[in-house]
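Rule-based calculations on the coordinates, nothing more; no lab input. Here the structure is a predicted model, which is why all the values come from computation and not from measurement. As a convention, Cβ positions derive from the backbone with ideal geometry for all residues, glycine included, and neighbour counts pool all protein chains shown.
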Amino acid sequence: MTGGAVANTKTYLKQTSVLEETTMSFSRLADMHYQRDAHGITSWLNRYIIVVGSWHGNDSIRTCEMYDVTTNRWIMPPDLHDGTCAPGLIVVKDRYLYKLGGTSDIGKVEMLDLQNPRKWVTINTCNKFGRKHTINRCLLFELPRNF
């Protein structure tokens, strides 16, 4: 469990917890660097948990973090070009992290090469939905090649 907000307040959390299935209780892990609520989240290589964006009351943020389950540490990949909250995330070919939707312009997709994470690349699509449309909390997955 990553981040969240205290109900009816503008208090956002940066804590991270894991559910211990044997005791059905949560144990604390290392805190994220930033408070996050309504962020995108995915995993990579069964070793990393990646969080992207967040909502902070009146604003979306650009920061990203990657948790290493073997070291209990958060590392900082590059920031997104545009702040967003509640984006969809998917890792393709165990290498490329795609961010789509959220509260940013949904005609844009951002991609980060996780094996060489220097900067996010913006991919402009031909979708022209307008600035008021959003894709929130979408689930993305790869389809088989023969689909």
| task | Return the ratio Rg/(2.2 N^0.38 Å) for the range 16-124, where Rg is computed over Cα atoms only. | result | 1.08
| If the cut-off is a Cα-Cα distance under 12 Å, which aspartates and glutamates reach LYS108, setting aside same-chain residues fewer than 8 apart in sequence? | ASP82
| note | HN-Hα couplings for the range 19-33 via Karplus (6.51, -1.76, 1.60; θ = phi - 60°), in whole Hz with x for Gly/Pro, come out as 7, 7, 5, 5, 10, 6, 9, 8, 10, 6, 10, 4, 5, 5, 6
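Could you tell me which GluC sites (Glu not before Pro) in the range 1-83 are loop residues by DSSP with no more than 13 other beta carbons within 10 angstrom of their beta carbon? Before the final figure, lay out the partial values.
Working: sites: GLU20, GLU21, GLU65; in loops: GLU21.
Here the GluC sites (Glu not before Pro) that fit, given the DSSP loop and packing criteria, are GLU21.
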